[in-house]
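Inspection log for the structure reproduced underneath, given as C-alpha cells.
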Amino acid sequence: MWSDYGRRPGMRFVRVGTLDDPTALSPDVHIFTRSKQPWVGLPEDVPSFDVFYELEELWPAASLERRRAALD
C-alpha cells in the first residue's frame, strides 16, 4: 500500500501501518497536530508542527538530495 501526495511521478509514500512490523519505524516528526484530539499525547523529543514544515530546515542533506533526484 502506498500513497500519492501531489501527483509526483516516481515518488510514492509507504504508510508505516501497512508494514508487517509497523513498530520497526518510529516517527521523525508529527505534522498537522492542530487537528489532533486533546487526549492524544505526542513525545516531547519528536518535533511536531501545527501544519507542515520546511523540509530544508529539518531533513538531512542526503535525504533532500535523494528527494531532488526522485523528482527530476
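Computed from the alpha carbon positions, the gyration tensor of the chain leads to an equivalent ellipsoid with semi-axes of 23, 17, 13 Å, biggest first. Across the chain, C-alpha contacts under 8 Å between residues 6 or more apart give a mean separation that, scaled by the residue count, equals a relative contact order of 27 percent.
Database remark: amide H of Ser48 closer than 5 angstrom to the amide H of His30 (H placed geometrically; neighbours at sequence offset of 5 or more, or on other chains; Pro and chain starts carry no H).
Asp72 label point, 7 Å along Cα→Cβ, cut-off 20 Å on backbone N: hits in the stretch 1-40? Output list for this probe position: 8-12.
Each value in this text was obtained by applying a stated rule to the coordinates, not by laboratory testing. Keep in mind the model is a prediction, meaning the values are calculated, not measured. We place every Cβ from the backbone using ideal geometry, glycine too, and count neighbours over all the protein chains shown.
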